Amino acid sequence: MKTLDKKWLYLSLLSVVWGSSFILIKKALIGLTPLQLGSLRTLFAGIFLLIVGFSYLKKIRKPQWKWIAISALLGTFIPAFLFAFAETQIDSAVASILNATTPIVTLLLGAILFKIVFSKNQLIGVMAGLAGSLLLIWSGADVNPNQNYWYSTLVLAASVCYALNVNILKKYLQGLPAMAIAAGNFIVLVVPAFIVLLFSGFFSLTFKDNTVLHESLGYLLILAIVGTAMAKVMFNKLVQVSTPVFASSVTYTIPVMALLWGLLDGERFTLLQAGSAAFILFGVVLTNRK
């Protein structure tokens, strides 16, 4: 398959998978705490990836393990907890739209840390995207006064993590197979994730006849295997066959799927919020122009 076709295929699949992840996080949080969700998500995904990708670990050279570990923290571990805590206070659709700022942050950090030059149009896109994010947070707080929209900053912090990670993948881990990177990421994360789980109160939960907990674990298992493990491999491959900004542009197709799930689940979404989202997406489109 041609590289051009591959990158669009990966982009489409990731849009559906990650677009559904936000509603899965919301459903899993009904019976689990953010710490339990973040640690279990990492552990389930890690077990799956180490089963199918353990043989790829030998492809990682010793100097690359430092970047594998940094990539694991920034691209998986920290965002898993940030999104879990954020969605205790804000709607899943809003979280997905704020996550669309990732290409904008990728461009900014690429210019500051990795000496990537960007154009006047891209600078306008950055400003538009940031303005749209602030407007979305303000309008959401007005529509949902019972929600704490300061938690929106956790999603923006996750966007910074993703932006750093995608630049690191492209600059330092470009030659590695996508499965090797993913398996390496999770072998680094298994121990810290288990330590967090130990202190999360998970092992003191009552599992017998606890329907809510069983349902939450079911949603979490889908999130971990499909939305984390398999998606991680696809994203690593997407970075390798495209550019950091193109790869991170998956975040402006994700909200379409996430918004549909949110509306089906009864979340409120106003015209002002739709306008704010459009402003963000407009900014992202400009940042992706040459």
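At a glance:
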item: Pair list, Cβ under 6 Å, 6 or more apart: region 71-90 residue over 20 Å from P244 (Cβ atoms) and of a type in the set (S, T, N, Q), other residue at pLDDT below 95 and not in a helix (DSSP H, G or I); result: Q89/Q147; Q89/N148
item: Helices (runs of 4 or more DSSP H) within region 217-266 that include 1 or more residues closer than 16 Å to K7 by Cα and of a type in the set (G, A, S); result: 231-241, 244-248
item: Given (1) modelled with pLDDT under 90; (2) out of contact with any Gly (no Cβ under 7 Å at 6 or more places or on another chain); (3) under 30 Å from L108 (Cα atoms), index of the condition L223 fails; result: (1)
item: Region 204-216 residues that are assigned to a loop (DSSP other than H, G, I, E, B), paired with ones that are of a type in the set (A, V, I, L, M, F, W, C) and surrounded by 10 or more Cβ atoms within 10 Å (Cβ to Cβ) (beta carbon under 7 Å, 6 or more apart); result: L205/L213; F207/L213
item: Condition broken by A69, with the remaining ones in (1) more than 24 Å from G218 (Cβ to Cβ); (2) buried (at least 18 other Cβ atoms within 10 Å of the Cβ); (3) among the aliphatic types (A, V, I, L, M); (4) modelled with pLDDT of 90 or more satisfied; result: (2)
item: Failed item in (1) over 17 Å from F77 (Cβ atoms); (2) under 15 Å from the mean Cα position of the chain (by Cα), with F235 passing the rest; result: (1)
item: Helices (runs of 4 or more DSSP H) fully within region 1-116 counting 1 or more residues that are aromatic (F, W, Y); result: 3-28, 34-53, 65-72, 78-86
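The values are calculated or read from the model by the stated rules, or taken from the named source; none is laboratory data. Note that the structure is predicted; figures quoted are calculated from it, not measured. Cβ coordinates were reconstructed from backbone atoms using ideal geometry, including for glycine residues, and neighbour counts include every protein chain displayed.
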